[in-house]
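Participant: Take a look at the following structure, please.
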Amino acid sequence: MPYVLAILVVLTRAVLGQEEPSLSIGHPWSGRQEAARSICPHQGPLLHAYSCERGLGWGTDGLVDLVLDVARKLQAEHPEVKLVVGNLSRRYGGEIPFSVSHQSGRDADLGFVMYDRKDHQVLPLPLVHIRDAHGRLEGRDEGQYARFDPERNWSIVRAVIADPRVQWVFVADHLKEAMLAWARAHNEDPTTLIRAEFVLKQPSTSTPHDDHFHVRLYCNDDSRLAGCLDRPPLWSWADSRSEVFEEHVAERVRAWETGDDALRLDALLHLTRYERSDLAAQVIDAWPLPGPALQRTARDYLAAVDLSAVAARLLDRAQALMPGGDGLDLLAAARDLPTHLVDRFLVRAAATLAPPGPARLAVLRLARGAGGPASLHGLADAWRPFSGDERRALLESARFVLNREFKSVEALTAFLDEHEHDDGTDLLLESLPGICEGDRLVLPRVAEQILRGGMRRTTAVRILERMFGTSFSEHYSNQRMYQRWSTLIGNHPDLFRLPCDWKEIRRVLEGASDESERPAPGASG
């Protein structure tokens, strides 16, 4: 039925002479767009789009309509103000400079309303970082002073979040609080204030957005059917769930249940594009699937969707099919599984997969993706001695587990102290150089643990020896050297923002240590 509706919509648009709707496809950080619209023809009294000369003024119909609506509402409230528009997307989407997102036509940067010292709106330099200077929200860039206006910026926010298609407005916390404080003081609508509390957000994985608003929309119906992908949260008031789209997904599930291979292949292709796990349990239960095309598509489907709800089912099915190739194939598709379930599976696998072979290598790669340190010890103890490929795979898995599990040296050293005489500990110690990628501050924390008496000296020395590829037995294990390093680390934290090359860190550290002990010019000594 959704296909029939879609065909009718296309035919109706053709008869009426309407243009094709714009489509956002994929994620904001990994996607593209089709039939995009440009904001640039609307330059003038209403808005100033400084990104047009860079070719970054393109977005979906919904995004361009939203920006124009916000500009009109802003000018209706404050006739002297012009909306400043920054980056949208490229015409066909894809990566843009200085941003991870803005790839699929659903993101728009809007400049703050700012004023100079003569109370003129600042237009040419919209990206001025606004700081909280003892209650004054102001900034300066290349000599240009700018003052943030909470009232007029709240007008932008109010207009944006009134649209139920909006998921986020990214902005720095101190600016969010300033706008909300103004809104509360002026008795703004309580429902709008609650919505703003949720939608206004300082990003946790990028810049704080203290120089512009970043607006993001949910997918619309046409884009969802083309493969547009949303991520939670889905606000209760938002236009983020589509009955047409959900019926389309349900139709694909019913197609799977017919048992027809062609319909099953089509269903998997669609749900892979949508990253929907509605068929995950059915695919696992039917594994292996008949025919190479269906099997390959099913593997791609499992790799694309969230398997957390069916992880136990997948591992039980893989166990039943082991050590044959079908069990290995199912394991190869698994990703992001809960660690406690993987550990349980690995313990069983260690007992049942005694002879070396491809099954053991597949299990080790699964440990790399989701296993814990305890299961690695179990595998190491059960399968000794190791040979070439298995040893390399286990070391690689150990590096990943250490980087994932032991984000603090306290946890790592407690574990190693507990297992100091186990054979498995040697294997984990051999993998320690890889922890640099996960925690470059490991050395100062090791020093801190030693000084506080929280680590056995032998374990600490072994950690440092593994990291630096040299012996600390005569020089670096003495208390005075650790004390000097600890002081030096506190005074020179940038030492441990170097590339992951422990020999280079050691060279710099020793050079800085020598300098720190030299008397200052003119000092007695």
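The values are calculated or read from the model by the stated rules, or taken from the named source; none is laboratory data. These numbers come from a predicted model, not from an experiment. Glycine gets a Cβ as well: all are built from the backbone with ideal geometry, and neighbour counts include every protein chain shown.
Participant: With the structure loaded, tell me whether residue 300 is in contact with a Phe, Trp or Tyr (Cβ under 7 Å, 6 or more places away or on another chain), touching a residue at least 12 places away in the same chain (Cβ under 8 Å), closer than 18 Å to residue 264 by Cβ and not in a loop (DSSP other than H, G, I, E, B) or whether it fails that test.
Facilitator: On the way: in contact with a Phe, Trp or Tyr (Cβ under 7 Å, 6 or more places away or on another chain): no; touching a residue at least 12 places away in the same chain (Cβ under 8 Å): yes; closer than 18 Å to residue 264 by Cβ: yes; not in a loop (DSSP other than H, G, I, E, B): yes.
It is false that residue 300 is in contact with a Phe, Trp or Tyr (Cβ under 7 Å, 6 or more places away or on another chain), touching a residue at least 12 places away in the same chain (Cβ under 8 Å), closer than 18 Å to residue 264 by Cβ and not in a loop (DSSP other than H, G, I, E, B).
Participant: Please enumerate the residues belonging to the range 164-195 that are assigned to a helix (DSSP H, G or I), over 22 Å from residue 131 (Cβ atoms) and either touching a Gly at 6+ places or on another chain (Cβ under 9 Å) or in contact (Cβ under 8 Å) with a residue 12 or more places away in the chain (or both).
Facilitator: Scanning the range 164-195 gives 192, 193, 195.
Participant: I'm checking my understanding of the structure. Among residues of the range 95-126 that are modelled with pLDDT under 85 and in contact with a strand residue (DSSP E or B) (Cβ under 7 Å, 6 or more places away or on another chain), which one is nearest to residue 218 (Cα to Cα)?
Facilitator: Result: 126.
Participant: Considering each of 193, 217 in turn, give the residue that is touching a strand residue (DSSP E or B) at 6+ places or on another chain (Cβ under 8 Å) and either modelled with pLDDT of 95 or more or surrounded by 12 or more Cβ atoms within 10 Å (Cβ to Cβ) (or both). Please lay out each step first, then the result.
Facilitator: Details: 193 fails: touching a strand residue (DSSP E or B) at 6+ places or on another chain (Cβ under 8 Å).
Going through 193, 217 in turn, just one is touching a strand residue (DSSP E or B) at 6+ places or on another chain (Cβ under 8 Å) and either modelled with pLDDT of 95 or more or surrounded by 12 or more Cβ atoms within 10 Å (Cβ to Cβ) (or both): 217.
Participant: For the range 239-248, which residues satisfy the criterion of being surrounded by fewer than 19 Cβ atoms within 10 Å (Cβ to Cβ) and either touching a residue at least 24 places away in the same chain (Cβ under 8 Å) or over 28 Å from the mean Cα position of the chain (by Cα) (or both)?
Facilitator: 239, 243, 244, 247
Participant: OK, next. Hey, does the range 114-121 have a residue that's within 31 Å of the chain's Cα centre (by Cα) and not assigned by TED's automatic domain parsing to the domain that holds residue 25?
Facilitator: Going through the range 114-121, the residues within 31 Å of the chain's Cα centre (by Cα) turn out to be none.
So far as the range 114-121 goes, no, none of its residues is within 31 Å of the chain's Cα centre (by Cα) and not assigned by TED's automatic domain parsing to the domain that holds residue 25.
Participant: Which condition breaks for residue 315 when tested against (1) within 23 Å of residue 60 (Cβ to Cβ); (2) crowded, with 16+ Cβ neighbours inside 10 Å?
Facilitator: (1)
Participant: Also: Report the residue count in the range 167-190 for those that are closer than 23 Å to residue 219 by Cα and surrounded by fewer than 20 Cβ atoms within 10 Å (Cβ to Cβ).
Facilitator: The qualifying residues number 0.
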